[in-house]
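Since the structure comes first, as structure tokens, the remarks are kept for the end.
The values are calculated or read from the model by the stated rules, or taken from the named source; none is laboratory data. What you see is a predicted model; the values in this text were computed from it and never measured. As a convention, Cβ positions derive from the backbone with ideal geometry for all residues, glycine included, and neighbour counts pool all protein chains shown. These accessible areas exclude ligands, DNA and RNA; they are computed on the full protein's heavy atoms, side chains included. Shrake-Rupley method; radii C 1.70, N 1.55, O 1.52, S 1.80 Å.
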Amino acid sequence: MKHILDAPFLVELARTAAHMYAHGWDERNSGNISVLLDGAEAEQYVDPDAVLRDIPTGFEAPALDGKYFLVTGAGKYFKNVGDDPALNLGLVRLAEGGRTARLLWGLTDGGSPTSEFPAHMMSHGARLAQDPDSRVVMHCHPSNLLAMTYVHDLDSRAFTRTLWRMCTEGILVFPDGVNVLPWMLCGTNEIGAATAERMADARLVVWAQHGIYGAGRSLDETFGLIETAEKAAEIYLKIAHLPRLNTITDGQLRQLEQRYGVRARPGWLD
Ligand code: 2HA
Ligand code: ZN
């Protein structure tokens, strides 16, 4: 058995959590990450029969039954993940149709997977149905996106079109756009289901007055999605109160689509 602290997926998750903290996206215990692991790779580091604890999840996720996830723990601080991965992370395998998370490593203080475990697992299910290579779900509280939800129309198309206009790269990084969820109580199966529903046609879901969810094939891709949307929101907040003399037009967005071979969300360009 290889040593899990050397596992590339763990090293990368710890590094990513540190970057997210450094960006100010994950104050205190906020934010959470889950990574779907390749089963054969996970079994190089943990024995699926050596179950430390069974943790009830409170939801069902039959499509994810038997799958391994590395997840951040409930109440844990992103700034501390690298210093003590075994305390702050857990490696679980879903069982019994997703109703149980079998803890195989980590959460050494008796902790549980992130409080947003339902939103994470349901989002994995939704993204995998669209893209079998999807692996990562990431949640955090980037200040500019969060601030934008107080002053901008929450219609997903309108919100996306504003972000696309705030930097040329936006439409290239998230051509599928951003879906916006109105404020809902976090940590519940209800917000999990609503998030997953909005993950069916976008890899970014904004939680109004709370934060954002991103999903992607890798930690880098998912981090980059959130980073780019957050940059666009930052530009918006810098200019929203100023007279607008210039903009990126729909015609220019179409030029970007064509030149770089991306397809904007159908109907979201005029
Ligand atoms: O983990 O961010 O949404 C704390 C949160 C809950
Ligand atoms: Zn949150």
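Structural remarks
- Met20 meets all of the listed conditions (1) in a helix (DSSP H, G or I); (2) among the hydrophobic types (A, V, I, L, M, F, W, C); (3) open to solvent by 10 Å² or more (accessible area, probe 1.4 Å) but one, namely (3).
- The stretch 216-260: number of residues that are closer than 29 Å to Ala196 by Cβ, outside any helix (DSSP H, G or I) and either of a type in the set (Val, Ile, Thr) or open to solvent by 70 Å² or more (accessible area, probe 1.4 Å) (or both): 1
- Neighbours by Cβ (under 6 Å, 6+ apart or cross-chain): first from the stretch 94-118, over 20 Å from Gly82 (Cα atoms); second modelled with pLDDT of 95 or more and aromatic (Phe, Trp, Tyr): Pro118/Phe59
- The numbered conditions (1) touching a residue at least 40 places away in the same chain (Cβ under 8 Å); (2) surrounded by 21 or more Cβ atoms within 10 Å (Cβ to Cβ); (3) in contact with a Lys or Arg (Cβ under 8 Å, 6 or more places away or on another chain); (4) not β-branched (Val, Ile, Thr) are all true for Gln44 except (2).
- Entry remark, the stretch 123-136: residues being open to solvent by 10 Å² or more (accessible area, probe 1.4 Å) and within 16 Å of ligand 2 (Cβ to nearest atom) number 0 in total.
- Among (1) of a type outside the set (D, E, K, R); (2) under 30 Å from Leu70 (Cα atoms); (3) in contact with a His (Cβ under 8 Å, 6 or more places away or on another chain), the one test that Tyr236 misses: (2)
- Scan of the stretch 91-117 for residues that are of a type in the set (Ser, Thr, Tyr) and open to solvent by 20 Å² or more (accessible area, probe 1.4 Å), ordered by number: Thr108, Ser112, Ser115
- Evaluated against (1) of a type outside the set (A, V, I, L, M); (2) over 17 Å from Leu5 (Cβ atoms); (3) open to solvent by less than 20 Å² (accessible area, probe 1.4 Å), Asp54 falls short on exactly one condition, (3).
- Residue in the stretch 170-191 that is under 15 Å from Phe117 (Cα atoms) and of a type in the set (S, T, N, Q) present: yes
- Qualifying residue in the stretch 227-245 (condition: within 18 Å of the chain's Cα centre (by Cα) and within 16 Å of ligand 1 (Cβ to nearest atom)): yes
- Residue check for Val173: within 13 Å of ligand 1 (Cβ to nearest atom), closer than 21 Å to Val35 by Cα and in contact with a Gly (Cβ under 9 Å, 6 or more places away or on another chain): no
- Those residues of the stretch 37-76 which are assigned to a strand (DSSP E or B), under 18 Å from the mean Cα position of the chain (by Cα) and of a type outside the set (Val, Ile, Thr), in sequence order: Leu37, Tyr68, Phe69, Leu70, Gly73
- Hits in the stretch 5-34 - residues which are within 14 Å of Phe69 (Cβ to Cβ), touching a Leu at 6+ places or on another chain (Cβ under 8 Å) and more than 16 Å from ligand 1 (Cβ to nearest atom): Phe9, Leu10
- If the condition is being outside any loop (DSSP other than H, G, I, E, B) and loosely packed, with under 14 Cβ neighbours inside 10 Å, then the stretch 148-191 contributes Tyr150, Val151, Ala158, Glu190.
- Set His139, His120: member being part of a strand (DSSP E or B) and either open to solvent by less than 30 Å² (accessible area, probe 1.4 Å) or closer than 18 Å to Asp65 by Cα (or both): His139
- For beta carbons closer than 7 Å, sequence separation of 6+ or different chains, a first residue in the stretch 169-187 that is without any contact (Cβ under 8 Å) to a residue 12 or more places away in the chain and a second that is within 16 Å of ligand 2 (Cβ to nearest atom) and open to solvent by less than 60 Å² (accessible area, probe 1.4 Å), the qualifying pairs are Leu185/Ile191.
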